[in-house]
Amino acid sequence: MADTSDFRTGLAFEWRDSVWQITDMQHVKPGKGGAFVRTTLRNVRDGRVQQENFRAGAQVEDVRVEKRPHQFLYEDDYGLHFMNTETYEQFSMPPERVDGREFISEGSELDILFRADTDEPLSTALPDNVDRAVASTRPGVKGDTAQGGTKPATLESGATVDVPLFIEEGDVVRVATGSGEYVTRVST
């Protein structure tokens, strides 16, 4: 059992017949009334996000989760298929449990969160930045803007991001997975 003094970002716990993970939290002591913890929770099974307040001292059943390295193999009607890079075991996950799906391409390395006691895959954890080749974009014309501008580009993984005008098809770009924004061109 964990109480509100144990709350921290990333803590997973069983609550309302599901597993939730704290993505943001704040201890609040109002001038009148009892202290409480304001949290933003993400359901690790379906990705729903909600805000919830817990009274100081409230207890929840904590869940132990483990991150394990995996490689994305392919996607079909049964879901996305992954292989554990240490044991070579394969399994599939439904698309709604895969965060950042638009940035995953065949052969991508990522971590998957598992519930330690049941070995159930809960969600994926992509790296902060990924490098992907530009599959298609319109050509940038010299003199389009005075200050620089952006244009849409489709990456090899299928994601569409805004990139500077000098980016061409075949260039490798670094993209922030959290925001989906262009970071830099990667020299090859």
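Residues that are modelled with pLDDT of 90 or more and under 19 Å from PHE13 (Cβ atoms), at least 3 per element: which strands (runs of 3 or more DSSP E) completely within the stretch 30-82 meet that?
Per the criteria, 36-43, 49-55, 59-62.
Name the residues in the stretch 150-188 that are under 17 Å from ASP128 (Cα atoms), part of a loop (DSSP other than H, G, I, E, B) and of a type in the set (Ser, Thr, Tyr), would you?
Across the stretch 150-188, the qualifying residues are SER157, THR177, SER179.
Could you tell me which residue of the stretch 99-122 is surrounded by the most Cβ atoms within 10 Å (Cβ to Cβ), considering only residues that are more than 17 Å from VAL175 (Cβ to Cβ) and among the β-branched types (Val, Ile, Thr)?
Among those residues, the one meeting the criterion is ILE112.
Suppose we filter VAL49, VAL37, VAL60 for residues that are among the hydrophobic types (A, V, I, L, M, F, W, C) and touching a Lys or Arg at 6+ places or on another chain (Cβ under 7 Å); which single one remains?
That would be VAL49, the only listed residue that is among the hydrophobic types (A, V, I, L, M, F, W, C) and touching a Lys or Arg at 6+ places or on another chain (Cβ under 7 Å).
The values are calculated or read from the model by the stated rules, or taken from the named source; none is laboratory data. Computed from a predicted model, the values in this text were never measured in an experiment. A quick note on method: Cβ atoms are made from the backbone with ideal geometry, for glycine too, and the neighbour counts reach across all protein chains shown.
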